[in-house]
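What follows is a set of notes on a single structure, which appears directly below.
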Amino acid sequence: MLPQISWIVGPKISGKSSLGSALAERTNAKLLKFCEFRKKHGLENSDDETVVHALIQQLALEISPRILIEDFPQNTYQAKFFIKNSVSPSRVFVLSCSKDLS
């Protein structure tokens, strides 16, 4: 059984890490940084399907009841593939910032 999943998406410097850390602390959730997950598992050059499938397998092993995934999904294909093969996220946090900052 998968834990409750939430996604945090937005452009660089929009506050994903800050919000993710604060939310994880307040809700007793685990923060999973998608970019670090890819690096840790040697998936930097893998196709979207392979990466998302590996993510779903990893989430199935989690003991934490809540997982916040930072910077995921990175495109529509990843989102649809995740939902089709797993669960819909409980929450999706979409951040934005001024074009001057990004």
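The values are calculated or read from the model by the stated rules, or taken from the named source; none is laboratory data. Predicted model only: the values in this text are computed from it and were never measured. Quick reminder, even Gly has a Cβ in these numbers, built from the backbone with ideal geometry, and neighbours come from all protein chains shown.
Filter the stretch 88-102 down to the residues that are in a loop (DSSP other than H, G, I, E, B) and either within 16 Å of residue 8 (Cα to Cα) or among the acidic types (Asp, Glu) (or both), then identify the one that is modelled with the lowest pLDDT. It would help to see each step written out before you state the result.
At the first step, the residues of the stretch 88-102 found to be in a loop (DSSP other than H, G, I, E, B) are 88-90, 95-102.
If we keep only those that are either within 16 Å of residue 8 (Cα to Cα) or among the acidic types (Asp, Glu) (or both) too, we end up with 88-90, 95-97, 100.
Numbers: 88: 94, 89: 96, 90: 95, 95: 94, 96: 91, 97: 84, 100: 68.
Per the stated criteria, the residue is 100.
Could you run through the stretch 32-70 and say how many residues are within 19 Å of residue 2 (Cα to Cα) and not β-branched (Val, Ile, Thr)? Give the steps one after another, and end with the answer.
Taking the stretch 32-70 first, the residues within 19 Å of residue 2 (Cα to Cα) are 32-34, 37, 49-70.
Those still in the list that are not β-branched (Val, Ile, Thr) too: 32-34, 37, 49, 53-55, 57-62, 64-66, 68, 70.
Selection size over the stretch 32-70: 19.
Mind counting the residues in the stretch 54-79 that are surrounded by fewer than 16 Cβ atoms within 10 Å (Cβ to Cβ) and outside any helix (DSSP H, G or I)?
Within the stretch 54-79, residues that are surrounded by fewer than 16 Cβ atoms within 10 Å (Cβ to Cβ) and outside any helix (DSSP H, G or I) number 7.
Filter the stretch 3-13 down to residues that are part of a loop (DSSP other than H, G, I, E, B) and surrounded by 12 or more Cβ atoms within 10 Å (Cβ to Cβ) and give me whichever is farthest from the chain's Cα centre (by Cα). Can you show your working first?
Going through the stretch 3-13, the residues part of a loop (DSSP other than H, G, I, E, B) turn out to be 3, 10-13.
Then drop every residue that is not surrounded by 12 or more Cβ atoms within 10 Å (Cβ to Cβ), which leaves 3, 10-11, 13.
Details: 3: 13, 10: 11, 11: 14, 13: 16 Å.
This residue is 13.
What pairs can you find where one residue is in the stretch 71-83 and in contact (Cβ under 8 Å) with a residue 60 or more places away in the chain and within 13 Å of residue 8 (Cα to Cα), the other is outside any helix (DSSP H, G or I) and among the charged types (D, E, K, R), and their Cβ atoms are less than 7 Å apart, with a gap of 6+ or different chains?
71/33
Count, please, the residues in the stretch 28-53 that happen to be surrounded by 14 or more Cβ atoms within 10 Å (Cβ to Cβ) and polar (S, T, N, Q). Write out each step before concluding.
First, pick out the residues of the stretch 28-53 that are surrounded by 14 or more Cβ atoms within 10 Å (Cβ to Cβ): 29-34, 37-38, 41, 43, 46, 48, 51-53.
After this cut, where a residue has to be polar (S, T, N, Q) as well, the list is 46.
Counting residues in the stretch 28-53 that are surrounded by 14 or more Cβ atoms within 10 Å (Cβ to Cβ) and polar (S, T, N, Q) gives 1.
I'd like to verify a number: residues in the stretch 1-13 that are in contact with a Ser or Thr (Cβ under 7 Å, 6 or more places away or on another chain) and farther than 19 Å from residue 95 by Cβ, how many? Give the steps one after another, and end with the answer.
In the first step, residues of the stretch 1-13 are kept if they are in contact with a Ser or Thr (Cβ under 7 Å, 6 or more places away or on another chain); the result is 2-6, 10-13.
The next check asks that each one be farther than 19 Å from residue 95 by Cβ; those that pass are 2-4.
The qualifying residues number 3.
Taking the stretch 14-32 as the region of interest, how many residues are farther than 15 Å from residue 94 by Cβ, in a loop (DSSP other than H, G, I, E, B) and more than 14 Å from the chain's Cα centre (by Cα)?
Qualifying residue count, the stretch 14-32: 1.
Only one of these conditions is not met by residue 80: (1) in contact with a Ser or Thr (Cβ under 9 Å, 6 or more places away or on another chain); (2) modelled with pLDDT of 95 or more; (3) charged (D, E, K, R). Which number is it?
(1)
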